[in-house]
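Step one of this worksheet: look at the structure below.
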Amino acid sequence: MTTASKSAHDFIAPHVRGLPKSGIRDFFDIVAGRKDVISLGIGEPDFQTPWHIREKAIESIERGATRYTSNLGTPELRQALAEYMRHSFHAEYDWKTEILVTVGVSEAFDIALRAVLSPGDEVLYHEPCFVSYAPLIRMAHGVPVAVETFRKDEFRLTVAELEKKVTPRTRALLLSFPNNPTGATLDQADVEALADFAVRHDLLVISDEVYSELTYEGGRATFAGIPRLRDRLIFLNGFSKAWSMTGFRLGYVCAPAPLTDAMMKIHQFCMMCASSTAQVAGLEALKNGDADIVEMRDSYHLRRNFIVASLNEMGLDCFMPRGAFYVFPSIQSTGLSSQEFALRLLNECNVACVPGTAFGACGAGFLRCAYATGIDQLKEAMERMSAFIKRL
Amino acid sequence: MDALLELLKINARESDATLAKELNTTAEDIRARIAAYEREGVIRGFQAVLNTERLESTDVRAVIELRIRPEREGGFDRIATRISKFPQVESMFLMSGGYDLLLFVKGRSLQEVANFVSARLAPLDGVLSTATHFMLKTYKDQSVLMESEPHDDRLQVCP
């Protein structure tokens, strides 16, 4: 008797087969290859990595510093990170046992979730949010539980919404403020309330603060350095946004020693270490890159003012976000769905924005516009968009 | 420095409406502030930054280091002011170090600049010495790169 042999498709694990494709990816495929598109769909800084950082990386390659580093990351970089956490976040982490350098924040997320989740554990996370969160939770055999955020709250995560979704199986609360795609930020009072919630339900907090350097008008609040969260916080950050170093793929995680050690086990077996060149570049950014941040932040700040004023002027309701480089206008007044609006805007005006639904169901009726694009491009995009709305 | 001035230094032709949106104010306010800066002499002019290599021009530019003798009354100012009035002098600075004045000079030909130095500058009372360096190529001028920035090679849509 012969058994039917498997097709390639059958070899795919069911929990991976069930993962949805990223909504961004769909849109990317539509935009790819088109000429003269002004893209407000790019979730990455438009600045070149500052020259002194690139130069250090080049110099390290010339020197031949191209070997594996310590699994945790070079001691120099971890010491500099401990110092950065101290002066920027008022948080104490021991560089020897509590800081781990990763391949971007994405890897940090992955090892954090794999280190703490058992099959069936529930993780609360807010939507709209970065596209990776729910898939990463699923890949770690957890159950993602979306908690909605709303325009009326300027897309802050509220304890009231969390209380509706928390269960005895809830293991962790995952959050990211300043937020991609909404630009939402938290006040320190919000952070304190969320910290109380986590303690009350005995949850681990995983906080992705990769946009923390890009806040305007005091939009910066952090989960790091809150004493009652010390033993239940995994803090994630990276170099991509603050120093425009996306392609270097450099992130880090700060957590109490036992958790760092657990993440380290996964990291050493699956990744070994972050790129040695990227680590040299990151050290230079921390040591001599304060002015770069200020320069880029000031520029984003002005562009944000411009784009929010322009969107509201054309009748698209848009709150003034205080972080990251995204605005999240409502397009409900046009009567179009997010997908329809984005597609027509692309086809009729050659302007690319990402439909809010790519970041969660409650992004329906909204659009993500990234303003990490030169002011001339932004001006042209706003003119085309305004003309488009008048024609509707 | 006022953010308005920073923006004007990047692009002096930016519209008042755009500047107003960027700075969270009105176009009227922008116009009033620019007028005030002009009145106060803070804004001394608006100029285009040119890549002269793209023009059919044979103009030459030179940098001239000048050592001069300070005067009992007024130090360097009287002679420096006098030199700065030559139309050939585009920019001029008082410097610390091995020489006193640094001049950026423009002429229609190498010969014209050489004549200017030998016939007009060097004989001036108080000028002790000159050293002339001709510019060969401009890579960057007033913070503007002469070759355009590399094309934006980011993915057109990304998370």
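A few remarks follow.
- Count of residues meeting criterion [in contact with a Ser or Thr (Cβ under 9 Å, 6 or more places away or on another chain) and either more than 9 Å from chain B (Cβ to nearest Cβ) or closer than 23 Å to A:Glu348 by Cα (or both)] in region A:1-42: 7
- Of the criteria (1) within 30 Å of B:Asn115 (Cβ to Cβ); (2) over 24 Å from the mean Cα position of the chain (by Cα); (3) at pLDDT 95 or above, which one B:Thr25 fails: (1)
- Test: residue in region A:319-332 that is of a type outside the set (A, V, I, L, M, F, W, C) and surrounded by fewer than 16 Cβ atoms within 10 Å (Cβ to Cβ): no
- Scope region A:1-53; condition among the charged types (D, E, K, R) and closer than 18 Å to B:His151 by Cα; matching residues: A:Arg34, A:Lys35, A:Asp36, A:Glu44, A:Asp46
- Of the residues making up region B:1-37, those that are of a type in the set (Val, Ile, Thr) and more than 9 Å from every other protein chain (Cβ to nearest Cβ) are B:Thr25, B:Thr26, B:Ile30, B:Ile34.
For (1) in a helix (DSSP H, G or I); (2) of a type in the set (Val, Ile, Thr), each residue gets a yes or a no:
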| position | (1), (2) |
| --- | --- |
| B:Thr25 | no, yes |
| B:Ile30 | yes, yes |
| B:Ala35 | yes, no |
| B:Glu38 | yes, no |
| B:Val42 | no, yes |
| B:Gln47 | no, no |
| B:Thr81 | yes, yes |
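- Entirely in region A:86-174, the strands (runs of 3 or more DSSP E) that have 1 or more residues that are of a type in the set (S, T, N, Q) and in contact (Cβ under 8 Å) with a residue 12 or more places away in the chain: A:99-102
- Residue within region B:38-46 that is within 14 Å of chain A (Cβ to nearest Cβ) and surrounded by 12 or more Cβ atoms within 10 Å (Cβ to Cβ) present: no
- Residue in region A:50-64 that is within 14 Å of chain B (Cβ to nearest Cβ) and either surrounded by 11 or more Cβ atoms within 10 Å (Cβ to Cβ) or closer than 30 Å to A:Ser275 by Cα (or both) present: yes
Results for (1) farther than 25 Å from A:Arg249 by Cα; (2) outside the structural domain of A:Ala242 (by TED's automatic domain parsing), shown as yes or no for each residue.
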| site | (1), (2) |
| --- | --- |
| A:Ser7 | yes, yes |
| A:Phe11 | yes, yes |
| A:Ala32 | no, yes |
| A:Leu40 | no, yes |
| A:Gly43 | no, yes |
| A:Ser60 | no, no |
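- Filter result (crowded, with 19+ Cβ neighbours inside 10 Å and closer than 15 Å to A:Thr357 by Cβ) within region A:147-163: A:Thr149, A:Phe155
- Screening region A:1-77 for helices (runs of 4 or more DSSP H) wholly inside it with 3 or more residues that are at pLDDT 95 or above returns the ranges A:51-63.
- Of all positions in region A:355-364, at least one carries a residue that is assigned to a loop (DSSP other than H, G, I, E, B) and touching a residue at least 24 places away in the same chain (Cβ under 8 Å).
- When restricted to residues that are assigned to a strand (DSSP E or B), over 18 Å from the mean Cα position of the chain (by Cα) and closer than 24 Å to A:Met296 by Cβ, region A:187-239 contains 0.
- Count - residues of region B:99-149 that are closer than 30 Å to B:Ile10 by Cβ and assigned to a loop (DSSP other than H, G, I, E, B): 11
- Just so you know, in region B:133-159 the residues that are surrounded by 11 or more Cβ atoms within 10 Å (Cβ to Cβ) and under 18 Å from the mean Cα position of the chain (by Cα) include one that is nearest to the other protein chains (Cβ to nearest Cβ), and it is B:Leu145.
- Summed over region A:245-258, residues that are among the hydrophobic types (A, V, I, L, M, F, W, C) and either closer than 12 Å to A:Ala108 by Cα or not assigned by TED's automatic domain parsing to the domain that holds A:Met85 (or both) total 4.
The values are calculated or read from the model by the stated rules, or taken from the named source; none is laboratory data. If you're wondering where the values come from, they're calculated on a predicted model, not measured in any experiment. Backbone-built Cβ (ideal geometry, glycine too); neighbour counts: all protein chains shown.
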